[in-house]
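The structure appears right after this line, and notes come after that.
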Amino acid sequence: MARFPDRESVTIYWYAVPNANKARGGWMPVYDRDGWQRGNTYGEGYDLQTALKMAKVAAREEAAGLSGGVTVAQKPGGWGIGTKFSRGASWQGSYANWTVRVGELAAKRGVPITFGAGTLAAWRAGVSPEAYVPVRSR
């Protein structure tokens, strides 16, 4: 797959998110490309280090299919970098940041969250993670 011709470079960030499958628990490997989270957030669940390794491999495979300037890096402020989600990061500008914050709140409150078209629509509508999780818990 070729990169977009009007872009000089592409950055792919890899990280792990809490598994949406609460029965299995653990972490799921994901990566961001162009601000969009890719990967499954519901599945078997892995320990954090395994999920991070899997996310890194998936991001590198994605980068291998692109031409031009491609940077692959671990997501700053993401899980497994010494800090949890960076609350200073803007969820409005990144669906991935929004999902991490929603996952964090859902885990804290014991609320199951399924990520997909509904969560993407909520993010696009500007619903904050704090407002989204209580609505889902009812």
*Point-charge dipole on Cβ atoms (K/R +1, D/E -1) for the stretch 9-137, about Cα centre, debye to 20*: 260
*asked:* What does the charge count around residue 38 come to, taking other residues whose C-beta lies under 9 Å from its C-beta (Lys +1, Arg +1, Asp -1, Glu -1)?
replied: -1
*Nitroxide proxy distance, nm - points 7 Å out along Cα→Cβ at residue 124 and residue 42*: 1.9
*Can you give the three extents of the C-alpha atoms in the stretch 9-137 along their principal axes, from longest to shortest, in whole Å?*
43, 31, 27
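Read the figures in this text as sums done on the coordinates, not as results from a lab. Note that the coordinates shown come from a computational prediction; the quantities given were computed from them, not determined experimentally. Cβ coordinates were reconstructed from backbone atoms using ideal geometry, including for glycine residues, and neighbour counts include every protein chain displayed.
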